[in-house]
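First the structure, in the form of structure tokens, and then the observations on it.
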2 protein chains.
Amino acid sequence: MATETSETAWMQSNGPEGDVVMASRVRLARNLQGVPFPVHLDAARGRAMTDHVLEAVSSLSRDWQLKPLRLESLAPLDRQILVEKHLASPLLVADPIRYEAVVTDARETVSVMVGEEDHLRIQVLLPGLGLSAAWSVADRLDDALEERLDFAFDADHGYLTAYPTNVGTGLRASVMVHLPALVLTREAGALFHTLAQTGVVVRGLYGEGSEGRGSIFQISNQVSLGRSEEEMVHALTVVAEQVVGRERHARQQLEKAAPLALADRVGRAFGVLAHARILTSEEALRLLSEVQLGIALGTLPGFREATFSELVSLTRPGLLQRYAGHELDAGERDRTRADLIQRHLAVG
Amino acid sequence: MATETSETAWMQSNGPEGDVVMASRVRLARNLQGVPFPVHLDAARGRAMTDHVLEAVSSLSRDWQLKPLRLESLAPLDRQILVEKHLASPLLVADPIRYEAVVTDARETVSVMVGEEDHLRIQVLLPGLGLSAAWSVADRLDDALEERLDFAFDADHGYLTAYPTNVGTGLRASVMVHLPALVLTREAGALFHTLAQTGVVVRGLYGEGSEGRGSIFQISNQVSLGRSEEEMVHALTVVAEQVVGRERHARQQLEKAAPLALADRVGRAFGVLAHARILTSEEALRLLSEVQLGIALGTLPGFREATFSELVSLTRPGLLQRYAGHELDAGERDRTRADLIQRHLAVG
């Protein structure tokens, strides 16, 4: 089971501030000089662009251990799994699949989406709070690729991108955070409102429309023009540290103000997760979130041979079907999800 | 904990058809010749009536092991516990307490309420389906008391009682049944409707207004005139056997039609009971009922050192406070209830 995703570093272990920050991500948008943005590319020119990028990738040092995956050669399930692991965006794997590709390394820390909104989106994803480390890996890969590819760059505007919000550094940094106490105490709304005023964007686990599911949020900075990459990464790190502090404080407050209600809530979540036979993905996410709060507070034992990040991902339809080894209808998924989670709960 | 109620035979063990029938009860209404019914008695005459009855009781053979309890000498909590054990009616222990008494034996199989609607209500309560056995104990006690007391009796109407529905034999027979599958399959309503047409009354666990809580019902026959006691007891036994058959059939149907949904439901109930820290009496009753269904179907292990009947009773406010050894406010009761139930769940 867990072996199926053992390659995915960000899910596998808890990184710095891992009680709150599940993962850190840095993404660079890059485009080839003289080639239209993907939205204007026909299949033939798109394929030529992809071939060109993959050729550059294959010429990189072996240390990068990069493996190109052409989406047209992947089954729909495998494409879905790339999204569930946050290695590809829903947009990249959406039909029609023509020439798009994803390049990943063995541990799935690095992924390069080819043919999404921009020709290249270089992404580095690390467990816990590690934006600087992610940025420095992304920067090295960017440099290595730029030696082989001619990126569209303007002395005034910086890197040119398909969408104006990305122009400049082409950088977007984000952290995936678990904020159960801030949600329980209803402080999350006010916090996000304050963050929005500083140009920081908060979305749900799987982007717009998934706000608050499992109390997991993605916090990112939006402006990519007028500041250096280091400044942006540092600014978001400071924001993330503040959020970590607020969440930890809210947890302590909950423990102090209503220890029994808290123990009751996480206990019930544990009890249902441990004994239900049918779990929808929405209920599983909610209950896993509450159990994880109990684990963070030391009220409950940790998950067995799995992290919270891993279980959150493993209970998604694609990874769940890979776990089962065959296609599952919705009813079978709900049963398999309950079964999978129970194997990872330290009962008794 | 369980030792606190070890005297109460009906709670302690499962009797015949114990998977469905929790207890059987036979009750005889008797009044003293020439003494007004309790509703018309002042305290002085009531006290004289009680003294007279208790004197007769004390002269019975020692085999009966009867112990008189004058309600005025009992703390309110102890009176409440008598009701929770079904040894006294809510009416008997309702204020004002003047001269009323309850006579019980060591195992609390027999109870005689003195000064409720009738001067005496002789009750025998046995675990499982045992109406004939209960009747024969009640009949023997009635005979023994009638040797010592002059019961109001009319050659045409039989025993005279405060309420006309009891005139004749003065007998009311009832069974307490657990019908979770008939409730889940929504067959209970139609069944009760059919029973009502044959003069059989269905009420909730604690009388009117408690219908369906924990899927526990009291089924009794109402008409006490025109049939012999043996006929009435036999008739209700036949009804009870039919109900047992219907419930068992419904359980099998549920297991056949939706085994997973059933396992999910009883599993969730078990999980919450085993891990919640706060349980209201209503939620506890509902969850105990679902867990008991799982136990009856062999899906879950049995309760540890307790029966379903015992836990249903022990989670009531009075017995819960006796279990705790001191008075508890509502919040403390909800915590103690969760604690008590967890001690009796066979977890892990």
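Within the stretch A:99-111, one or more residues are open to solvent by 10 Å² or more (accessible area, probe 1.4 Å), hydroxyl-bearing (Ser, Thr, Tyr) and within 16 Å of the chain's Cα centre (by Cα).
Tell me whether the stretch B:89-103 contains one or more residues that are modelled with pLDDT under 95 and within 21 Å of B:GLN12 (Cα to Cα). Looking through the stretch B:89-103, at least one residue is modelled with pLDDT under 95 and within 21 Å of B:GLN12 (Cα to Cα). Per this entry, B:VAL124 is counted among residues that are within 16 Å of the chain's Cα centre (by Cα), β-branched (Val, Ile, Thr) and within 19 Å of B:THR161 (Cβ to Cβ).
Of the numbered criteria (1) over 19 Å from A:MET22 (Cβ atoms); (2) in a helix (DSSP H, G or I); (3) without any contact (Cβ under 8 Å) to a residue 40 or more places away in the chain, the one A:GLN342 fails is (3). Which helices (runs of 4 or more DSSP H) does the stretch B:174-285 wholly contain that include 3 or more residues that are within 14 Å of chain A (Cβ to nearest Cβ) and touching a His at 6+ places or on another chain (Cβ under 9 Å)? Output list reads B:259-275.
Filter the stretch A:287-334 down to residues that are assigned to a helix (DSSP H, G or I) and in contact with a Gly (Cβ under 6 Å, 6 or more places away or on another chain) and give me whichever is nearest to A:GLY18 (Cα to Cα). So the residue we want is A:ILE295.
All of (1) of a type in the set (D, E, K, R); (2) over 23 Å from the mean Cα position of the chain (by Cα); (3) under 22 Å from B:GLN321 (Cβ atoms) hold for B:ARG79 with one exception: (2).
Among the residues of the stretch A:338-348, some residue qualifies, meaning at least one is within 14 Å of another protein chain (Cβ to nearest Cβ) and on the phi > 0 side of the Ramachandran plot.
For (1) aromatic (Phe, Trp, Tyr); (2) touching a residue at least 24 places away in the same chain (Cβ under 8 Å); (3) at negative phi, each residue gets a yes or a no:
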| residue | (1), (2), (3) |
| --- | --- |
| B:TRP135 | yes, yes, yes |
| B:ALA144 | no, yes, yes |
| B:GLU147 | no, no, yes |
| B:ALA155 | no, no, yes |
| B:THR165 | no, yes, yes |
| B:MET176 | no, yes, yes |
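Within the stretch B:226-234, is there a residue that is crowded, with 16+ Cβ neighbours inside 10 Å, touching a helix residue (DSSP H, G or I) at 6+ places or on another chain (Cβ under 9 Å) and free of Cβ contacts under 8 Å to residues at least 60 places away in the same chain? The answer is yes, given that some residue of the stretch B:226-234 is crowded, with 16+ Cβ neighbours inside 10 Å, touching a helix residue (DSSP H, G or I) at 6+ places or on another chain (Cβ under 9 Å) and free of Cβ contacts under 8 Å to residues at least 60 places away in the same chain. Residues in the stretch A:291-303 that are more than 14 Å from every other protein chain (Cβ to nearest Cβ) and open to solvent by 50 Å² or more (accessible area, probe 1.4 Å): A:GLY298 only.
Scan (1) away from chain A (no Cβ under 12 Å); (2) free of Cβ contacts under 8 Å to residues at least 40 places away in the same chain; (3) buried (at least 18 other Cβ atoms within 10 Å of the Cβ) for the single condition B:ALA306 breaks and write down its number. That leaves (2) as the condition not met.
Working carefully through the options A:LEU320, A:LEU288, find the one that is hydrophobic (A, V, I, L, M, F, W, C), open to solvent by less than 10 Å² (accessible area, probe 1.4 Å) and free of Cβ contacts under 8 Å to residues at least 24 places away in the same chain.
Matching residue, one of A:LEU320, A:LEU288: A:LEU320.
Among the residues making up the stretch B:44-81, a single one is touching a Phe, Trp or Tyr at 6+ places or on another chain (Cβ under 6 Å) and open to solvent by 40 Å² or more (accessible area, probe 1.4 Å): B:ARG47.
Scoring A:VAL266 on the criteria (1) touching a residue at least 24 places away in the same chain (Cβ under 8 Å); (2) open to solvent by 70 Å² or more (accessible area, probe 1.4 Å); (3) at negative phi; (4) over 20 Å from the mean Cα position of the chain (by Cα) leaves a single failure, condition (2). Answer yes or no: is there a residue in the stretch A:165-175 that is closer than 13 Å to A:VAL243 by Cβ and among the aliphatic types (A, V, I, L, M). Yes - at least one qualifying residue is present in the stretch A:165-175.
Here A:LEU300 meets each of (1) more than 18 Å from B:ILE278 (Cβ to Cβ); (2) modelled with pLDDT under 95; (3) in contact with a helix residue (DSSP H, G or I) (Cβ under 7 Å, 6 or more places away or on another chain) with one exception, condition (1).
Only residues that are out of contact with any helix residue (DSSP H, G or I) (no Cβ under 7 Å at 6 or more places or on another chain), part of a loop (DSSP other than H, G, I, E, B) and open to solvent by 10 Å² or more (accessible area, probe 1.4 Å) were counted in the stretch A:113-151, giving 3. Applying the condition of being in contact (Cβ under 8 Å) with a residue 40 or more places away in the chain and part of a loop (DSSP other than H, G, I, E, B) to the stretch A:29-40 and asking which residue is surrounded by the fewest Cβ atoms within 10 Å (Cβ to Cβ) yields A:GLY34.
The values are calculated or read from the model by the stated rules, or taken from the named source; none is laboratory data. This structure is a prediction, so every number in the text was calculated from the model and none was measured. Here Cβ is always computed from backbone atoms with ideal geometry, including for glycine, and neighbour counts include all displayed protein chains. Areas reflect the complete protein model, heavy atoms only, side chains present, ligands, DNA and RNA absent. Shrake-Rupley method; radii C 1.70, N 1.55, O 1.52, S 1.80 Å.
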